[in-house]
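FYI, it's all coordinate maths here, none of it is from the lab. On a predicted model such as this, the values are computed, not experimentally measured, just so you know. Positions of Cβ are backbone-derived with ideal geometry, glycine not excepted, and every protein chain shown enters the neighbour counts.
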Amino acid sequence: MPRHGRADVHKDRDSGSAEGWEFCGAYSRCGISSASAGSGHRWTFDSEDGATSFGYDLAQKFGLKIRSPWPALVPLTFGEEDRKNYCESVGRIGGSGGVDWRAAISREDADHASRLSGPAILQISSYWESPRPVVIDLAPGREVTAEFRNPKTPRTVAALKSALQSTLPSRLAARWAELHAPDAWTNHALADFERQLHAWQLSPSGTEGYEKAEVTAGGVDTDELHAKNMEDRKIPGLFFIGEVVDVTGHLGGYNFQWAWSSGRQPVVDCSGGLIVHAVSFALARSQAFSK
């Protein structure tokens, strides 16, 4: 996942083909694979450990369209009001694997931003755009206030907290009951409380960025590449694969699968070309797949 570090790319002269180009430097999570190193065309790539924007820089050098990248599958950070309501007095809370909403609100310490994370939130982050609010159902498929229709159930904040704790982590349940307790204990007020529970609206202040993101969304426009083998439509022998391309999968291993799948055919087809990728290793054709 590119972290947009320094990537210096230089060349001696232009070429309409990727053949003969020589790449040198330290390749990390965003680099190239070269089946052959030619002479007369030299690119240098300098980077500290970690990923860089080298793949995007190279695509721009060759004139490819790029969709501006952004961090995806990443925790969201709370806005000021939500942080005060749910983090400063609650600290770290979270749901186990059995909790349907599967999000975790945490404040690691006073020097770290409060965040909303977990599988559901990471997935949302791939689509979220500031300043749009996020709406979360904290009790999907459940009616938490159903038991209050029983005349024997006391209509008190303590009873409400107890009902919420069957669905939410205890500290979140307690805090939610304090912030959203009905003004009156009428059926209408309880219905409104139930509605809020299924439509918690919050406005993130942003995300935790590339340092915490699992993938980078955006990248080289797929219209620039042949679908069969990911080769540049304009530059024969130049291939872009994996995360450097504008393809982002859902959480659950799909991005790894895309990296491997998109890389197979270029390696099979490539003989003297260059494969630009954003994975944790660089392979020459002879090192990768064997027929």
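Things worth noting here:
- Taking Asp221, Asp82 and counting other C-beta atoms within 10 Å, the order from fewest to most: Asp221, Asp82
- Projecting label points 7 angstrom from Cα along Cα→Cβ for Lys152 and Asp223 puts them 6.7 nm apart.
- Too-long pairs where the Cα-Cα distance tops 25 Å, listed order kept, from Lys65/Lys228; Lys61/Lys228; Lys61/Lys212; Lys84/Lys212: Lys61/Lys212
- Relative packing of 132-145, 204-217, which averages over residues the other C-beta atoms within 10 Å, highest first: 204-217, 132-145
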